Amino acid sequence: MKRIGLLSSLLIIMVTLPLIGFSQKAEWVEQVIVANGNKYESTPPAADYVTVQTYNPATGVTYVFDEIKTQSAQDVLIANGRIYVAAQDSLVMYDANTLQRLAAIADSGLSRIYLFNDKLIVSKQYPIVRFFVEVLNANDLSLVARVQNISGDCKGIVHTKDSIYVVVNGGFLSSEGKLAVINYNNWTLAREINFGPNAVGINDIYSYGGLLYTINETPFGSAVFGSITSFNPSSTAFTNHQITYLVGNGAGGVKNSGVIDNLLYLTMNNGIGSFNMDTYQVEDPSIFPDPGVVNHIYYTSFTTDYVNSFIYMNIGNRISWGVDVVGTSTGDSVTSFQTGFNTDALALDYRVPVGIDNQSANEATVAIYPNPVENQVRIKYTGDAAVNEIVIRDLTGRTIYQSNEHSYSAKWVDCSSYPAGLYFVTVKTDSKTLSTKFIKN
């Protein structure tokens, strides 16, 4: 169905729910993580909080696995087997396989998060008035450094071989767009590059062909005008490319999440369009149309799947319903799944097969079959060490199954009486602890 009319087709998509097959490429999307801001409540105490959910493209199963007691989410990042969620005044880290919390800290003014080596780069915004970039240890979220002397609110982050680049949005009243260049050897500000008033509304940043590209949103209350700035890190030369459409945010989730081949995806006239980074021209201003802004229905966030050339689009009215519609990069509908009311951020969990040459023949592994589970689950252990314990826990951490059998290779466990939901499996040996998860239908 080309150029789907989103509102008219949502019910059809939700009923049919075709599953997304694995790509023939080396990588695949294991899961989609969505952070739902849900309903805004102006009068305390709040009763509706941020929820974090997972969606499996291969099975169509979606499940909320955590709640963060704040009211908005700013970013989701998945890297190195971990999920990081920035939610207003909380930064939470999860295991990408078990979906269990690994760490959480309180931190005000969160904007965007970015992984560089073993450091988590965090950009900040209002109510922060100084130290607009923090550097955290990506393993435990402890503070490593604060970057001084950045002139205002910050947004998107990217890196090149010699520097970290952070968008300096400057906040609601800013009249120009800037780019902060950070030296990652000592976490100091090297300089700020001023793109001028034509880059006001600067928000997201991506890399392509040795250049950096920023999406500069149309300022609130201005004429229909926005721009994309191309920047050469080697020469520091830049060009602001005017776009004669209402320009909004780009795709989020990971580095270059808005790029497929030579096209950069962003919202235009409240729909989703593309910009050709070779020709510096708008390729298609309306791949997916406005979902109904006049009726207060919005694209609240979106991201691209460069493996399958899909676009995941969160749509909702911020009050009572939300859905993620999955479509191709050329405008065809694929499937959809239910989300929260205010789906602020999402990211794709890309996986790469482990090559035989890259792993030890004696490496210990644990596998689950089938998944999702109806009645019985098969837990298969491969490795040299003897198994000392098998534990199955539910989302609350309660142990619902435990076995101390030794030296097994595979075991069937009856799950027919388990309530539907997500369960975590831990297999302990003399030398290590292995974890995995399964879903009970």
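Scanning the stretch 214-241 for residues that are closer than 23 Å to residue 111 by Cα, surrounded by fewer than 18 Cβ atoms within 10 Å (Cβ to Cβ) and at pLDDT 90 or above yields a count of 1. The residue of the stretch 300-322 that is farthest from residue 250 (Cα to Cα), among those that are touching a Phe, Trp or Tyr at 6+ places or on another chain (Cβ under 7 Å) and of a type in the set (Val, Ile, Thr), is 319. The set of residues from the stretch 343-370 being at pLDDT below 85 and not hydrophobic (A, V, I, L, M, F, W, C) comprises 353, 355, 357, 358, 359, 360, 362, 363, 365, 369, 370.
Selection over the stretch 194-213 of residues that are in contact with an Asp or Glu (Cβ under 7 Å, 6 or more places away or on another chain) and of a type outside the set (A, V, I, L, M, F, W, C) gives a count of 5.
The sole residue among 290, 284 that is in contact with a helix residue (DSSP H, G or I) (Cβ under 9 Å, 6 or more places away or on another chain) and more than 20 Å from residue 55 (Cβ to Cβ) is 290. Exactly one residue out of 316, 273 is closer than 22 Å to residue 220 by Cβ, modelled with pLDDT of 95 or more, under 22 Å from the mean Cα position of the chain (by Cα) and in the same structural domain as residue 243 (by TED's automatic domain parsing), and it is 273. Flag: residue 373 does not match the condition of being in the same structural domain as residue 27 (by TED's automatic domain parsing) and either at pLDDT 80 or above or of a type outside the set (Lys, Arg) (or both).
Restricted to the stretch 384-398, and to residues that are part of a strand (DSSP E or B) and more than 15 Å from residue 437 (Cβ to Cβ), which residue is modelled with the highest pLDDT? Taking the candidates together, the pick is 389.
Return the total of residues in the stretch 319-350 being within 18 Å of the chain's Cα centre (by Cα) and surrounded by fewer than 16 Cβ atoms within 10 Å (Cβ to Cβ). Number satisfying all stated conditions: 1. Out of the stretch 21-45, which residues are of a type outside the set (D, E, K, R), more than 17 Å from the chain's Cα centre (by Cα) and either closer than 21 Å to residue 300 by Cα or at pLDDT 95 or above (or both)? Listed by number, the residues that qualify are 40, 42.
For the stretch 79-96, the candidate set comprises residues that are at pLDDT below 95 and under 23 Å from residue 425 (Cα atoms); within that set, the residue that is surrounded by the most Cβ atoms within 10 Å (Cβ to Cβ) is 79. Within the stretch 292-304, restricting attention to residues that are assigned to a loop (DSSP other than H, G, I, E, B) and in contact (Cβ under 8 Å) with a residue 24 or more places away in the chain, the residue that is surrounded by the most Cβ atoms within 10 Å (Cβ to Cβ) is 297. Residue count for the stretch 242-280 under the criterion of being surrounded by fewer than 18 Cβ atoms within 10 Å (Cβ to Cβ), part of a strand (DSSP E or B) and free of Cβ contacts under 8 Å to residues at least 40 places away in the same chain: the result is 1.
The values are calculated or read from the model by the stated rules, or taken from the named source; none is laboratory data. Just so we're clear, the structure is a prediction, and the values are computed from it rather than from any experiment. Heads up, the Cβs are rebuilt from the backbone with ideal geometry, glycines too, and the neighbour counts pull from every protein chain shown.
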